[in-house]
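First the structure, in the form of structure tokens, and then the observations on it.
The values are calculated or read from the model by the stated rules, or taken from the named source; none is laboratory data. Fair warning: this is a prediction, and the values are worked out from it, not measured in the lab. Note that each Cβ is placed from the backbone with ideal geometry, even for glycine, and that neighbours are counted across all protein chains shown.
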Amino acid sequence: MPYIQQSSYKRPPLYQFNGHLQTIFPSAFRKVEVPYERERLELEDGDFLDLDWLDQNCKRLAILSHGLEGDSQRTYIKGMAQLLIEHHWDVLAWNNRSCSEEMNRTFRLYNHGEIDDLDRVIHHALTLKDYEQIVLVGYSMGGNITLKYLGTKGKELHEVVKGGIAFSTPCDLEESSNTLDKPGNFIYKKKFLNRLKEKLEKKEAQFPGSIDLSKFEEIRVWRDFDNYFSAPVSGFDSAEAFYEFCSAKNYVSGTQVPTLLVNAQNDPILTPACSPVDIADSHPYFYLETPKQGGHVGFAWSGKPYTWSEWRVMDFIDSVIL
């Protein structure tokens, strides 16, 4: 579908006057509570995924995927979940391995290109109930997983999965990783590195001798982290091979259901390479929207209980997917 150049998102609250504030404020100050019911899904490899449900006995289900070092408790996930249940959807917000307050059992962690676990979540949901319609919604890393999943499955996608929406998605992972090294992005880089270091320390305690934690002292740019840790933990020889495997941009051409990618032009940690206009211009199912503002998983509206991105999901579902 054509690149959507005229976005309905006009501007954030006046005090959020740049991409950093538009990113930080909604995450830091918005409060949303939803009554999740947790289920532990045991996996064939001995590991587990924790799933958080809002089950209203509906026939349609939205599956929500969180971002890097996020979880189902993130405000952007809970806000989306609340709006969906108000519109008579069941919601399943799943947590990637190691992201639900308990370290996973196996050596592997999660990454931007791991789609097998999302596939397990979808098929598990279908064993519990005969859902007639499933929609996938992902944010940041979860958006990349969503896009890669839909593109990789293509015509083999389960027939009840009707479409997907992704926000603030680093679908060119190499470009996005390089952007984290910009001086203005120091706060995001430091936060991610600190959290991932704690996680890798726990993994080393589980599997002594498996990870060389001394390499943290050699990290100068984000690519170093991916070379020393992301790539080998995920079974790759180099950061370059890891980026190639993970980047959803390499897979979206295979998409066979209506799919929307929304990336703000002022997103601090994305570049234009993460918004593939050339693919959207010639693809019958892939929609791309790039509002001038919104930050990274921000998109707040003045005085509105829900963000523009949450309402955009409902609009795309109603007007395009279903």
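Quick look at the values:
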{"quantity": "The stretch 139-165 - residue that is in contact with a Pro (Cβ under 9 Å, 6 or more places away or on another chain) and within 14 Å of residue 112 (Cα to Cα) and, of those, surrounded by the most Cβ atoms within 10 Å (Cβ to Cβ)", "calculated": "144"}
{"quantity": "Of all residues making up the stretch 214-233, the number that are crowded, with 19+ Cβ neighbours inside 10 Å, free of Cβ contacts under 8 Å to residues at least 60 places away in the same chain and not hydrophobic (A, V, I, L, M, F, W, C)", "calculated": "4"}
{"quantity": "Residues of the stretch 84-127 satisfying the condition of being assigned to a helix (DSSP H, G or I) and more than 16 Å from the chain's Cα centre (by Cα)", "calculated": "84, 85, 86, 120, 123, 124, 125, 126, 127"}
{"quantity": "Whichever residue in the stretch 234-256 is assigned to a loop (DSSP other than H, G, I, E, B) and crowded, with 19+ Cβ neighbours inside 10 Å and, among such residues, is farthest from the chain's Cα centre (by Cα)", "calculated": "236"}
{"quantity": "Within the stretch 23-77, strands (runs of 3 or more DSSP E) holding 1 or more residues that are under 16 Å from residue 307 (Cβ atoms) and either modelled with pLDDT under 95 or hydrophobic (A, V, I, L, M, F, W, C) (or both)", "calculated": "60-65"}
{"quantity": "Qualifying residue in the stretch 71-80 (condition: surrounded by 21 or more Cβ atoms within 10 Å (Cβ to Cβ), in the same structural domain as residue 167 (by TED's automatic domain parsing), among the small types (Gly, Ala, Ser) and within 30 Å of residue 284 (Cα to Cα))", "calculated": "no"}
{"quantity": "Within the stretch 243-286, tally of residues that are over 17 Å from residue 141 (Cα atoms) and not hydrophobic (A, V, I, L, M, F, W, C)", "calculated": "13"}
{"quantity": "Near pairs, Cβ below 7 angstrom, 6+ apart or cross-chain, from the stretch 165-178 (under 22 Å from residue 62 (Cα atoms)) to any residue that is among the charged types (D, E, K, R) and not in a helix (DSSP H, G or I)", "calculated": "168/267"}
{"quantity": "Filter result (under 17 Å from residue 272 (Cα atoms) and in a loop (DSSP other than H, G, I, E, B)) within the stretch 170-209", "calculated": "170, 171, 172, 180, 181, 182"}
{"quantity": "Subset of the stretch 1-34 [assigned by TED's automatic domain parsing to the domain that holds residue 74 and under 27 Å from residue 321 (Cα atoms)]", "calculated": "32, 34"}
{"quantity": "Scope the stretch 270-308; condition at positive phi and either assigned to a helix (DSSP H, G or I) or in contact with a helix residue (DSSP H, G or I) (Cβ under 8 Å, 6 or more places away or on another chain) (or both); matching residues", "calculated": "294, 295, 297, 299"}
{"quantity": "Single residue of the stretch 1-22 satisfying the filter (surrounded by 13 or more Cβ atoms within 10 Å (Cβ to Cβ) and among the aliphatic types (A, V, I, L, M)) that is modelled with the lowest pLDDT", "calculated": "1"}
{"quantity": "Some residue of the stretch 7-20 being part of a strand (DSSP E or B), touching a residue at least 60 places away in the same chain (Cβ under 8 Å) and farther than 19 Å from residue 100 by Cα", "calculated": "no"}
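This table checks each residue for (1) in contact with a strand residue (DSSP E or B) (Cβ under 8 Å, 6 or more places away or on another chain); (2) more than 19 Å from residue 19 (Cα to Cα); (3) among the hydroxyl-bearing types (Ser, Thr, Tyr); (4) at pLDDT 95 or above.
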site: 239; (1), (2), (3), (4): no, yes, no, yes
site: 247; (1), (2), (3), (4): no, yes, yes, yes
site: 258; (1), (2), (3), (4): yes, yes, no, yes
site: 263; (1), (2), (3), (4): yes, no, no, yes
site: 270; (1), (2), (3), (4): no, no, no, yes
site: 308; (1), (2), (3), (4): no, no, no, yes
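Residues checked against (1) in contact with a helix residue (DSSP H, G or I) (Cβ under 7 Å, 6 or more places away or on another chain); (2) assigned by TED's automatic domain parsing to the domain that holds residue 51; (3) of a type in the set (D, E, K, R):
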position	(1), (2), (3)
91	yes, yes, no
106	no, yes, no
109	yes, yes, no
120	no, yes, yes
